[in-house]
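The values are calculated or read from the model by the stated rules, or taken from the named source; none is laboratory data. Since the structure is predicted, the reported quantities are computational estimates derived from the model, not experimental observations. Counting neighbours? That spans all protein chains shown, and the Cβs are built from the backbone with ideal geometry, glycine included. Accessible surface is based on the protein model in full, side chains and every heavy atom, while ligands, DNA and RNA are left aside. Shrake-Rupley method; radii C 1.70, N 1.55, O 1.52, S 1.80 Å.
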Amino acid sequence: HVFPEGWGWYSWSPSVVWNEALGLFVMAAGGSQKQGTGDPMDSFMHYETGSLALLSAENPWGPWEQFHYEEAWSGDSEDNRLYEPQLSPKWITDDGRTMYLVYSDARDRHSTNYHWNMQKITLNVEAR
């Protein structure tokens, strides 16, 4: 998969899991950039929050189809600086529609909330 120009990768590791019920591989990927600029060097180490994309594919090599994108992924607070979204393969409901993201928050430049977070997500994609 080729991410759009300006996605701001510098150390991000996409997370890919097999969703048996949907018959799809699902990817979570996060970017780091100042929102609206498309410039990955415009913001370093989350002085602002990053972006989140969710993609699906029938094969682990793709082609990948993006079904969700947030340029300013902030979870439950605009003060968050979320990064490293990972999908938990263990926490997928039997129908495949509910999954969980596990991620970190660098709010206050890692002094307050540099810890483990979890977010429930509901997928709106067609099973294959």
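General remarks:
- For I92, the conditions (1) in a strand (DSSP E or B); (2) open to solvent by 10 Å² or more (accessible area, probe 1.4 Å); (3) modelled with pLDDT of 80 or more are fulfilled apart from (1).
- Residues in the range 47-76 that are of a type in the set (A, V, I, L, M) and over 15 Å from N19 (Cα atoms): L52, A53, A72.
- Options N59, N113: the member that is at pLDDT below 90 and either in a loop (DSSP other than H, G, I, E, B) or touching a helix residue (DSSP H, G or I) at 6+ places or on another chain (Cβ under 9 Å) (or both): N113
- Considered as a group, the residues in the range 77-89 that are of a type outside the set (A, V, I, L, M), touching a residue at least 40 places away in the same chain (Cβ under 8 Å) and over 15 Å from N19 (Cα atoms) include one that is surrounded by the fewest Cβ atoms within 10 Å (Cβ to Cβ), and that residue is E84.
- Counted residues, the range 67-89 - those being of a type in the set (A, V, I, L, M, F, W, C) and assigned to a loop (DSSP other than H, G, I, E, B): 2
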